Number of protein chains: 2
Amino acid sequence: MSTVADYPRQRRTGAARFLPLLGWLPESNRRTLRADAVAGLTVGVMLIPQSLAYATLAGLPPAAGLYASIVPLVVYALLGSSGTLAVGPVAVVSMMTAAALAPLADGDPTRYAALAALLALLVGAIQVAMGVFRLGAAVTFLSHPVLTGFITASAVLIVVGQVPSLLGLDASGSGPLPEALSAVAGALSTVSGPTVAVSAVAVAVLLVLKRVAPRVPGALVVVVALTAASAALGLDQRGVAVLGEVPTGLPAPALPAVTLREAASLLPAALAIALVGYTEGVAVAKSLGSRSGQRVSPDGELVAVGAANASAGLFGGLPVAGGFARSAVSFSAGARTPLSSLVSAAVVALTALVLTPLVTALPMAVLAVTIVVAVAGLVDWRGMVSTWRTRRVDGLALAVTLLTTLLLGVEAGISAGVVFSLAVLLWRSSRPHTAELGRVPGTGVFRNLARYDGLETDPEVAVVRVDAPMVFANAERVSDTLRDLVERRPRTRAVVLDASAIGDCDCDGAHALGGLRRELGERGITLRLATVRGPVRDLLARDGVWRELVAAGHVHPDTASAVAAAQGRAPVGGPAPGVL
Amino acid sequence: MSTVADYPRQRRTGAARFLPLLGWLPESNRRTLRADAVAGLTVGVMLIPQSLAYATLAGLPPAAGLYASIVPLVVYALLGSSGTLAVGPVAVVSMMTAAALAPLADGDPTRYAALAALLALLVGAIQVAMGVFRLGAAVTFLSHPVLTGFITASAVLIVVGQVPSLLGLDASGSGPLPEALSAVAGALSTVSGPTVAVSAVAVAVLLVLKRVAPRVPGALVVVVALTAASAALGLDQRGVAVLGEVPTGLPAPALPAVTLREAASLLPAALAIALVGYTEGVAVAKSLGSRSGQRVSPDGELVAVGAANASAGLFGGLPVAGGFARSAVSFSAGARTPLSSLVSAAVVALTALVLTPLVTALPMAVLAVTIVVAVAGLVDWRGMVSTWRTRRVDGLALAVTLLTTLLLGVEAGISAGVVFSLAVLLWRSSRPHTAELGRVPGTGVFRNLARYDGLETDPEVAVVRVDAPMVFANAERVSDTLRDLVERRPRTRAVVLDASAIGDCDCDGAHALGGLRRELGERGITLRLATVRGPVRDLLARDGVWRELVAAGHVHPDTASAVAAAQGRAPVGGPAPGVL
């Protein structure tokens, strides 16, 4: 088993700031090069069937998948900050690509390929721009529950989309669930016996191999064996759809021939793919990075994956991302640095140059099986249940994303999830948690009266803690809470506001505090502030409230001193230490 | 000077919960009735010229303003929770009404009036619905800086819009600033000498009266005097535009004859007016309420003002709101309960029934002068400067709203302001303030190292405080901050997270904490949590992280005990009190 010490750290000084690969090379040695070669070979062998499969999933000729697994991997190796992330075509992004392009291409394959390349370019441009402007943090607005719901729904849509290929139906299973299901159901009479047989054999072989020889690349074995069988038996003559000719060689770089209007109409899809592709990839990279000790830079990853996408666009490929399963394989095969990606790219390039004539007879059903098996692993049942149990509103965000994606499609699903979770964030910040506090007897410690028994309270001194930033979205509500508190406690002569959990404040928050102080003052009640955090203090000082409070002696380093001052005595255990 | 004791409190039990006026009546006595009568009379006299003026500002016949000042005032008196708020046509809302209706009415006055009534109905429906669903708090998403920017820009647009009336130009000055200014500039050659003279006299009289007799209702005096002069001199024959016939009598209630499509196209404007009208009104009511000791219920006010708007729609009026200047007059004239509104309504009703024939000769320039003088008071220079000084980003929100309103119009301005301030809220919650802490020597108190000198630190124990809820929008960033901290302190063996300012947590926050704990653990560093707030604890418990933390003994009631445990000794001053 490898330990953190086996993994080189990327140097990030000098020329390596512009070409991160230069930060990896000085750290490489014979041991890491060997490990990278083995891992790169393993991933490369896995990439060949997946590239073909995900290209067909995206609605493109299989060769586009190979192209997307060569130059983009080289580009990622040059720029990436993760030693183990495996970039290439991935199922969810390919499905999103198909959903974006189908309505635009009018069934013209040349136009479709040009649009796919354009989409990859747009995704790349968006990601690079976000990285350059250091917006990596903004991308975290895609929460885990939303991502889980989206990926689960995508897996379902992908599986349904493969049913025609698995059964040899004369139908398309793509699009939102209702249309896809009815299309599949309507075509069930066109089922092809030999195709079903091929699918069944492929599934059986994959399952058996996974059980008896888990280290063997099952997908590749199935592809090789069933392609040979298909060629030998002439299955394409018996109603089994096969891959057909795949051109040999590598494409020259070219800008896709498209109009500005087409670019504009693809922008929303590009944004969604940029977001999903990056978020999934960076989550994988970070989780592997925490095990290898290699730090992943979010903004750097945006630039690296974005450049990989842009190169995929230039070389006739399709949008790419860091894949979950493939990166896990890369990690457990021992990848140490991005050099492993170079090895994978070489493997795929060799295939494209030499081996493509051999895959002509590959049955489409076999690719469909590899897709279904791969995406089945994306459904995170435990994550869904635990999200629902942990926080109902997060479970709701997951459900909203899941259902919207299934019923209305991928872009609607992503938008619904993001909008829902942002709305929840705003809603929660407008209704902050507040607690009335009481003293643990004999101490200077104050706790929530609603949670602890046996606390001391003073009918003349109310102590309250507000657990949120005090900003325009909640300032009025916080004031109302404090007013209600005073109404409920008619003998109150002082209100102590424990500000320890108020992490931020804006003009509305300052006005509200000033207004409350005046209002309570007119009723003979003093407002005292305790444990005010630095940024809040600065803002109150600029607003002018702070000066009034300090002049009146109504600011205290902690709650105990504030209560003592309100009671006109020294705090338990002497005056509190430190100045304000 | 009145004191809080002079102001009755509204009873809120029994039948008064459904008809709030019943909660005021038992608290009234001869003294409050007298005060209400005087204040109601004062406001009523002020309302007559303002109603005529604001109706023309809204592009409606003057009578609509009178109608909007009768039944809506009665409705507000029945339902309102503020004893001093004066409801009626207000300048900003009238200008928003004109901006919303002008593009739809095609210059047809009947259609225009029907659309204005429909708009009032929609505004009322939106406000009542928000009140019934207790969304009063949601309305606070309109921050003070945004409101200040919007009202200031509105005042400028209103003043420019009155220039044609003031100078007798043959042009419209309505709409965004560039169009309005070029329309006014292009028509400067059509200036009317007699109109300018009337305007100048009106301004002079108003200024002199304000100086020598501030308690005299200047607008009314100017209106009466200059109407008499206009009739005597036959000014309408000399190129001075006059009000013309105002129908006598009161309208019967009627639903406006409009289509569903028209209603749908007015919805955005109705939403903006509902928001602005209510926010301004409730701010006035609360500020007066804090002086009179009368509690204002936000949801109750929404219902009351909403019902007033709906009645304005049924009785051929225009959208209304609680006015700033008028409420201040009502307050200083001694209003005690909403009964004062009934008196004002009676004064306006009497005018509509009897006095309208007398105002035919009223010069439009005089109304324009009263409008300009009224809105000049809405520009809050000091508020703008202090907002900019207090918090740069709030000043930016103000500037964005101000400029967008001036250049693109009122709805764009409100939308830009709301979107900008919500974006700032999200942006700030994605980049929370964090502080590394040190101990005040000889105590258990920890303070921000960046702000205080002479604090003790332990190279093996890092203490850090996060000043924000830990949610999907910032969880990754917080984790990164803690990782950076550990990188910077290579000898660190324990990280103590002071969670006192973490007021909320979601699934992503819990995952991040769990992941960080594992990641640090693999590097031999323990993560300890101190002062975890109740709601956060509950969530961590449901997620499962809490159990692991408690089992490992890594949860502490306060920072001092956590640090002591990390150092393997008892905390200064004995173990911390209280259980967790």
(request) Under 6 Å between Cβ atoms, at least 6 apart or on separate chains: pull out the pairs that start in region B:99-111 with a residue that is over 14 Å from B:G161 (Cβ atoms) and end on any residue that is open to solvent by 50 Å² or more (accessible area, probe 1.4 Å) and assigned to a helix (DSSP H, G or I). (result) B:A105/B:R111
(request) Among the helices (runs of 4 or more DSSP H) lying completely within region B:467-580, list those that include at least 3 residues that are open to solvent by less than 10 Å² (accessible area, probe 1.4 Å) and within 11 Å of chain A (Cβ to nearest Cβ). (result) B:475-488, B:507-522, B:534-543
(request) Could you grab me the full set of residues in region A:389-424 that are touching a Leu at 6+ places or on another chain (Cβ under 7 Å) and within 8 Å of chain B (Cβ to nearest Cβ)? (result) A:T390, A:R391, A:L422
(request) Would you check if B:A269 is out of contact with any strand residue (DSSP E or B) (no Cβ under 7 Å at 6 or more places or on another chain), over 25 Å from B:T370 (Cα atoms) and either at pLDDT 90 or above or acidic (D, E) (or both)? (result) yes
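Does region B:379-388 contain at least one residue that is away from chain A (no Cβ under 14 Å), open to solvent by 10 Å² or more (accessible area, probe 1.4 Å) and within 25 Å of B:Q162 (Cα to Cα)? Outline the logic, then answer.
The first filter runs over region B:379-388 and keeps only residues away from chain A (no Cβ under 14 Å), leaving B:379, B:381.
Remaining after also requiring open to solvent by 10 Å² or more (accessible area, probe 1.4 Å): B:379, B:381.
Those left that are additionally within 25 Å of B:Q162 (Cα to Cα): B:379, B:381.
Yes: one or more hits.
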(request) Check region B:454-461 and report whether any residue there is under 30 Å from A:K286 (Cα atoms), facing chain A (nearest Cβ under 9 Å) and part of a loop (DSSP other than H, G, I, E, B). (result) no
(request) Just need a number here: residues in region B:400-451 that are within 30 Å of B:T97 (Cβ to Cβ) and either open to solvent by less than 20 Å² (accessible area, probe 1.4 Å) or touching a Gly at 6+ places or on another chain (Cβ under 7 Å) (or both). (result) 11
(message) If A:A264 satisfies all but one of (1) in contact (Cβ under 8 Å) with a residue 40 or more places away in the chain; (2) in a helix (DSSP H, G or I), what's the number of the condition it fails?
(response) (1)
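Looking at B:T351, B:T370, which is the one that is touching a Pro at 6+ places or on another chain (Cβ under 7 Å), in contact (Cβ under 8 Å) with a residue 24 or more places away in the chain and in the same structural domain as B:G277 (by TED's automatic domain parsing)?
On the way: B:T351 fails: touching a Pro at 6+ places or on another chain (Cβ under 7 Å).
It is B:T370.
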(message) Pairs needed: first member in region A:166-187, over 22 Å from A:V203 (Cβ atoms); second member anywhere, outside any helix (DSSP H, G or I) and of a type in the set (V, I, T); C-beta distance under 7 Å; at least 6 residues apart or different chains.
(response) none
(request) Would you point out which residue out of A:L220, A:L206, A:L226 is modelled with pLDDT under 90, surrounded by 14 or more Cβ atoms within 10 Å (Cβ to Cβ) and assigned to a helix (DSSP H, G or I)? (result) A:L220
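Output the number of residues of region A:92-132 satisfying the condition of being part of a helix (DSSP H, G or I) and either open to solvent by less than 10 Å² (accessible area, probe 1.4 Å) or over 26 Å from A:P298 (Cα atoms) (or both).
Restricting attention to region A:92-132, the residues satisfying the condition of being part of a helix (DSSP H, G or I) are A:92-105, A:109-132.
Next cut, either open to solvent by less than 10 Å² (accessible area, probe 1.4 Å) or over 26 Å from A:P298 (Cα atoms) (or both) only: A:92-94, A:96-105, A:109-117, A:119-120, A:123-124, A:127, A:131.
Of the residues in region A:92-132, 28 are part of a helix (DSSP H, G or I) and either open to solvent by less than 10 Å² (accessible area, probe 1.4 Å) or over 26 Å from A:P298 (Cα atoms) (or both).
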(request) Kindly list the number of the only condition in (1) farther than 29 Å from A:V373 by Cα; (2) open to solvent by less than 50 Å² (accessible area, probe 1.4 Å) that fails for A:L147. (result) (1)
(message) Given (1) within 14 Å of another protein chain (Cβ to nearest Cβ); (2) assigned to a helix (DSSP H, G or I), identify the lone condition not met by A:V303.
(response) (1)
(message) Quick check on region B:271-287. Is at least one of its residues acidic (D, E) and surrounded by fewer than 21 Cβ atoms within 10 Å (Cβ to Cβ)?
(response) no
(request) Could you tell me whether region B:410-418 includes any residue that is of a type in the set (D, E), outside the structural domain of B:R523 (by TED's automatic domain parsing) and farther than 26 Å from B:L549 by Cβ? (result) yes
(request) Please list, ordered by first then second residue, the pairs with beta carbon atoms under 6 Å, 6 or more apart or interchain, first in region A:5-34 and open to solvent by 70 Å² or more (accessible area, probe 1.4 Å), second part of a helix (DSSP H, G or I). (result) A:R11/A:G23; A:R12/A:G23; A:L22/A:A15; A:L22/A:A16
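Among the candidates A:V146, A:V156, A:V128, single out the residue that is within 16 Å of A:G281 (Cα to Cα) and either at pLDDT 95 or above or more than 14 Å from chain B (Cβ to nearest Cβ) (or both).
On the way: A:V146 fails: either at pLDDT 95 or above or more than 14 Å from chain B (Cβ to nearest Cβ) (or both); A:V156 fails: within 16 Å of A:G281 (Cα to Cα).
Only one candidate qualifies: A:V128.
The values are calculated or read from the model by the stated rules, or taken from the named source; none is laboratory data. Because the structure is a prediction, the values reported are computed rather than measured. Don't worry about glycine lacking a Cβ; one is built from the backbone with ideal geometry, like all the others, and counts go over all protein chains shown. Heads up: the accessible areas ignore ligands, DNA and RNA and are worked out on the full protein's heavy atoms, side chains in. Shrake-Rupley method; radii C 1.70, N 1.55, O 1.52, S 1.80 Å.
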